[in-house]
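A short write-up of the structure that comes next.
A short reminder: the numbers here are calculations on the coordinates, not readings from a lab. Since the model is a prediction, treat every value here as computed from it, not as a measurement. Ideal geometry is used to build each Cβ from the backbone, glycine not excepted, and the neighbour counts take in all protein chains shown.
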Amino acid sequence: LSPQTRLILQLVATLVLLIPFQPFSGFSFHMTDFPNWAYWVMLTLFVMWSINLYNFMDGIDGLAAIQAITVSLGGALLCHLNADPLLCLAFLVVAFACAGFIRWNWMPAKIFSGDAGSTYLGILFAGLMVAAASRETFSLLVGMILMGSFYVDATFTLLFRLGKGQKPHQAHRTHTYQKANQAGYSSRRICHAVALINILWLLPLGVLASSKTTMEVYVFFLACLPLVALSLFFKAGSSKIVGHAP
């Protein structure tokens, strides 16, 4: 499919996903409330970017699955802490489904998620985050903290490449995880690192932001800082290879 056709199909899928959740009266960012049309714009961009970035980040064995497992378990914990058993169950179903898949997707992978699988995971997680915000279980910012490993890497790389005048749909291998792989870090080590970041850094900050809603914006930026530093260290978006793995 051409990039234009893919975008149109993604837009249709996004609108179908969002229609049941409007009006978006429960989507306060704890800063200000926006008119409904502004929520439409922001949530459409959020879902479409989630779809695409999950596809971009599915570039080495096991990474998309390990992200899905750790984020789902984190989402389930937040739902449990905020007394939403139905959404907690939904996150657990995703976690266990991906745990079954990763056995075959772990390096060396025997099966791959492909564009269809990564696109599905992208819209699935976007839908779960929107549902959590709609039910006031936890906000979109908290959801983005849980997904921070993927959001920061993909967003930093996109902005860097746009700044260099490169086409956003042009194929490349310059995301942070890809640059780390090129520097000699194995897919296994990268997946382990992402899992540790998700569990030991992003999840505790997600819990903090969920419990201290007036501080969630500050916690969000705090969560992103070391991830941005990693992207800068590995020169994400650039073709230059940085250093070698010990």
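The single residue among LEU121, LEU162 that is in contact with a Phe, Trp or Tyr (Cβ under 8 Å, 6 or more places away or on another chain) and of a type in the set (A, V, I, L, M, F, W, C) turns out to be LEU121.
Highlighted here are the helices (runs of 4 or more DSSP H) found entirely within the range 80-150 that include at least 2 residues which are surrounded by fewer than 16 Cβ atoms within 10 Å (Cβ to Cβ): 85-105, 114-134. From the list ILE60, ILE51, the lone residue that is more than 18 Å from ALA209 (Cβ to Cβ) and in a helix (DSSP H, G or I) is ILE51. Just one of (1) over 28 Å from PRO168 (Cα atoms); (2) in contact (Cβ under 8 Å) with a residue 24 or more places away in the chain; (3) surrounded by fewer than 21 Cβ atoms within 10 Å (Cβ to Cβ) trips up GLY74, so point out which. The one condition GLY74 does not meet is (3). The single residue among LEU162, LEU202, LEU208, LEU196 that is buried (at least 19 other Cβ atoms within 10 Å of the Cβ) and within 27 Å of LEU141 (Cβ to Cβ) turns out to be LEU202.
So if I check each of THR174, THR157, which one is over 22 Å from ALA68 (Cβ atoms), hydroxyl-bearing (Ser, Thr, Tyr) and surrounded by 14 or more Cβ atoms within 10 Å (Cβ to Cβ)? Don't jump to the end; show me each part of the working.
Working: THR157 fails: over 22 Å from ALA68 (Cβ atoms).
Only one candidate passes the filter, namely THR174.
Within the range 71-111, if we keep just the residues that are of a type outside the set (Gly, Ala, Ser) and in contact with an Asp or Glu (Cβ under 8 Å, 6 or more places away or on another chain), the residue that is farthest from MET144 (Cα to Cα) turns out to be PRO108.
None of ALA223, ALA193 is under 17 Å from the mean Cα position of the chain (by Cα) and either closer than 18 Å to ALA132 by Cβ or of a type outside the set (A, V, I, L, M) (or both) except ALA223.
For (1) free of Cβ contacts under 8 Å to residues at least 40 places away in the same chain; (2) on the phi < 0 side of the Ramachandran plot; (3) acidic (Asp, Glu), each residue gets a yes or a no:
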| site | (1), (2), (3) |
| --- | --- |
| ARG161 | no, yes, no |
| PRO168 | yes, yes, no |
| LYS179 | no, yes, no |
| GLY184 | no, no, no |
| LEU200 | yes, yes, no |
| ALA209 | no, yes, no |
